[in-house]
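Read through the structure below, which is laid out as structure tokens, and then see the notes.
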Amino acid sequence: MAQEQLLKALLATKREQGTGCWVLQLGSAVWQFYVFMGRLVYATGGVHPVRRWRRLWPQYCQEMPMSQLPADPWPWDYGMVVQAVAAGAMTKEQAQAYVQAWSQATLLECLTTWEGQPGEVQLTWQAGPTLPQRWMLVQVDYWWEEVQPQWRRWQAAGGIRWEQAPVIDRRGQLKNLVSPAAYQYLTQVLDGRSTFWEIAQRVGRPVEQVAASLRSLIQDGVVILKDVPDWPPPVVRVIKPEPQRPLIACIDDSPLVAQALRHILEPLGYEVWGVTDPLRSLSQLLQRRPVLIFLDLVMPQTNGYEVCSVLRKSAAFQQTPIVILTGQGTVIDRVRAKLCGANDFLAKPPAAERVVEVVQHLLRQPQEPAMAVAS
């Protein structure tokens with residue numbers, strides 16, 4: 001049997017105590033079988049995962065809201081269980097029972113699709129971390145055997161794919177075969193949109209009985225089977241924007257200084273922006289509003305004192321910490337730096353420990369109003 005290929009792969013993973021995911025693809029349908037230390041954790045995917053979810057979920061959880069889930073790599077249906085347990089809408093025992101029923105239904109769909117629609121199958125192993133929460137941890141062979149009774153009932157019912165939708169093709173012939181009441185009933189039920197699973201749920205009968213009752217009509221061509229699409233997932237994936245890193249500007253005609261500060265400060269969560277021409281970049285400084293400015297004292301077109309004075313005259317930068325960078329560092333330079341409104345003074349090239357100390361000090365404490373600068 002073709003299904004032995006999947007079972008053989010899962011049993012090999014059990015022997016090797018592997019952790020990861022087996023991915024089986026048949027046409028456009030993809031199933032995932034998550035394994036932890038050789039045991040099955042979760043199975044999902046397939047032809048109709050959303051229809052399957054709507055069929056099983058109400059048996060274990062009464063809430064079926066549209067939900068927002070983070071854009072993580074895990075399946076949406078797994079995220080729904082995580083969310084329901086976290087919100088108290090589903091107990092851990094209910095989650096365990098649901099995951100077991102869901103994983104068995106997933107395997108059954110995989111086996112029936114594989115048998116009813118033979119084609120080239122791709123089976124690949126993705127080693128690595130499995131799902132972060134595990135409500136089920138079951139031996140692969142035990143899980144496989146649990147599905148076999150329903151698999152045999154599917155075969156006995158004629159091997160009809162229960163994910164297909166029956167629809168009447170020859171109404172006149174059907175009218176001659178059944179009573180008027182049965183004809184009216186069948187025309188309502190066999191609408192070409194509802195699968196065998198959904199019809200069985202609607203009429204309250206086992207799905208294999210529904211399939212068996214229509215078997216002769218299907219063989220005679222009175223009823224035909226249609227492939228129907230799945231429904232949209234009941235979730236909205238939310239991509240959380242990355243938190244904006246505090247921006248630190250480095251105004252220096254040499255880009256090497258900004259590069260050095262970048263190596264020191266970006267690992268701490270800051271963004272360092274290099275500005276080589278402050279006079280042309282004033283509008284950008286106003287737009288980007290850095291939380292701290294490193295300012296070179298000696299530049300070709302101007303000097304740090306003048307730039308600092310200009311910045312302090314702007315309401316946008318009156319409270320922004322400004323640190324003068326210089327290779328001189330005389331007492332006169334320090335006094336002038338204070339007079340033009342600078343908060344601190346660092347020698348070039350700046351030592352990493354001193355840079356971190358100054359940044360943490362200036363950004364941790366509220367800044368005192370800068371010293372007024374004469375026009």
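Here the accessible area of the stretch 235-324 is 53 percent carbon and sulfur, with a 1.4 angstrom probe and all protein chains present. Protein heavy-atom accessible surface, 1.4 Å probe, per residue over the chain: 52 Å².
In terms of Cα to Cα distance under 30 Å, which lysines are near enough to residue 14, apart from those fewer than 8 places away along the same chain? Once the sequence-local lysines are set aside, what remains near residue 14 is 92. Listed by chain and number, the lysines whose C-alpha is less than 30 Å from the C-alpha of residue 175, apart from same-chain residues fewer than 8 away, are 226. When 125, 74 are compared by accessible surface with a 1.4 Å probe, the order from highest to lowest is 125, 74. For residue 306, the solvent-accessible surface computed with a 1.4 Å probe is close to 100 Å², ligands and nucleic acids excluded. Only one of the values (i) 1.63; (ii) 1.00; (iii) 1.41 was calculated from this structure for Cα Rg over 2.2 N^0.38 Å; name its label. This structure yields the entry labelled (i).
The values are calculated or read from the model by the stated rules, or taken from the named source; none is laboratory data. Keep in mind that what you see is a predicted model, and the values were worked out from it rather than measured. With ligands, DNA and RNA removed, areas are computed over all heavy atoms of the protein, side chains included. Shrake-Rupley method; radii C 1.70, N 1.55, O 1.52, S 1.80 Å.
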